[in-house]
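J.: Mind having a look at this structure? Questions to follow.
The values are calculated or read from the model by the stated rules, or taken from the named source; none is laboratory data. Values in this document were obtained by computation on a predicted structure and should not be read as measured data. Quick reminder, even Gly has a Cβ in these numbers, built from the backbone with ideal geometry, and neighbours come from all protein chains shown.
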Amino acid sequence: MSSPVYFELSWSILSTIGLITFFIALMVAGIVRLTTISLIPIIVSAACAVSNGLCYYAFYADNPKNSRAVAAAFADIFWFIQEAGLSMYSYQILAKVLNRKQRTVFMSLFWSCIVVIFGCRMTILVSRVTEIENTEQTLQSRINKLHMAYFIMIAVVETISAFFLIRTFAKAKRASVAIQSWTARGLFELLSRSAEIRLATLCPIGITRAITYSFQATAQAATDTASQLDRFVYTLECLFPMIMIVDVLASKLTYSRTVISNSDRSRTRSRGGPADVPNSGIEVEFSVRTDFEPSKRGNSGKSQGIRLSSRETTSEETIPVASHGADVGHSANCHV
């Protein structure tokens, strides 16, 4: 029986998605500058493209047994980079935003889970290579159980990250009376713009994969409804770097607007007049230092705050919040 054509299988589409997001992430990195944050979607997308291509070579193409075993091993390694790497974006933000005690708790939980995830994936790798080398030995049941533990731990990592991200957002929300008085529509706009909420959407993807993969009957094949659902959820996982890219671009845009706004305000004050603003209301800004702005010596120990400024007057009130020099800044300009 001849091998199926590559682009007739879903693995080719998933690999193509990874390849496209890889080049998009490269272009975005060229726009905003290459940093640790902007590097994560590049690495994750590249791992997605390579792992799915190797999956076809190992499990569908008619290749020598040893070559298939090597391809399967490298596919598992790149899958680990892709799936565990998605949580590294949240990690990079939280490691800079959380205070010392919270950061210690978060890092301990995060890296403990990553070690378990790595152990599960390496055991899956060994089991798959053994099964390919010895076709008479069926280890699919063991591989399924290992995958269940693997995805459950990924879901735990993403749940932990989501908890700290949403908790950080909730603190900023409670700190502002203006935000608390928003309508439902205004609150939805804030949530949709918040990197914390966008990143927390990765949590249900991990939980769903932990459930759907338990019904896998055949190695790397969607043969029933549950396995097809798992393939669909994995497709969402492959597309998730696009959310990271949007977040990086949104941070760059917000930072640029903040710089322009502060520059205009400074010029207006230097002329001795009030700021020229067309609308009345309250402006709320909360942010952490972005990586798009070079660090200034002597300012690393200063804390930033939430600024409440009335557009009807020139008065301002600043609510201090902790700042730990995050690589990407997240801010919102809210008018009520």
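J.: How many residues, within the stretch 43-83, are in contact with a Leu (Cβ under 9 Å, 6 or more places away or on another chain), more than 19 Å from Met242 (Cβ to Cβ) and polar (S, T, N, Q)?
T.: 0
J.: If we scan the stretch 137-156, do we find a residue that is within 14 Å of the chain's Cα centre (by Cα) and either in the same structural domain as Cys55 (by TED's automatic domain parsing) or in contact (Cβ under 8 Å) with a residue 12 or more places away in the chain (or both)? Steps first, please.
T.: Residues of the stretch 137-156 within 14 Å of the chain's Cα centre (by Cα): 154-155.
Subsequent filtering for residues that are either in the same structural domain as Cys55 (by TED's automatic domain parsing) or in contact (Cβ under 8 Å) with a residue 12 or more places away in the chain (or both) retains 154-155.
For the stretch 137-156, residues within 14 Å of the chain's Cα centre (by Cα) and either in the same structural domain as Cys55 (by TED's automatic domain parsing) or in contact (Cβ under 8 Å) with a residue 12 or more places away in the chain (or both): present.
J.: Go through (1) farther than 22 Å from Pro241 by Cβ; (2) surrounded by fewer than 17 Cβ atoms within 10 Å (Cβ to Cβ) one by one and return the number of the condition Phe118 breaks.
T.: Condition (1) is where Phe118 drops out.
J.: Looking at the stretch 71-100, which of its residues are among the β-branched types (Val, Ile, Thr) and at pLDDT below 95?
T.: Hits for the stretch 71-100 are Ile93, Val97.
J.: Please find, among Glu131, Glu136, the residue that is surrounded by fewer than 21 Cβ atoms within 10 Å (Cβ to Cβ) and not in a helix (DSSP H, G or I).
T.: Glu136
J.: What residue, among those in the stretch 84-105 that are β-branched (Val, Ile, Thr) and in contact (Cβ under 8 Å) with a residue 12 or more places away in the chain, is farthest from Ile243 (Cα to Cα)?
T.: Val97
J.: Hey, another quick one. Go over the candidates Ile260, Ile245 one by one and state the one that is over 25 Å from Ser90 (Cβ atoms) and in a helix (DSSP H, G or I).
T.: Only one candidate passes the filter, namely Ile260.
J.: If you take the residues of the stretch 226-247 that are closer than 22 Å to Leu139 by Cα and either touching a strand residue (DSSP E or B) at 6+ places or on another chain (Cβ under 7 Å) or not hydrophobic (A, V, I, L, M, F, W, C) (or both), which of them is modelled with the lowest pLDDT?
T.: Step by step, filter the stretch 226-247, then rank; the result is Ser227.
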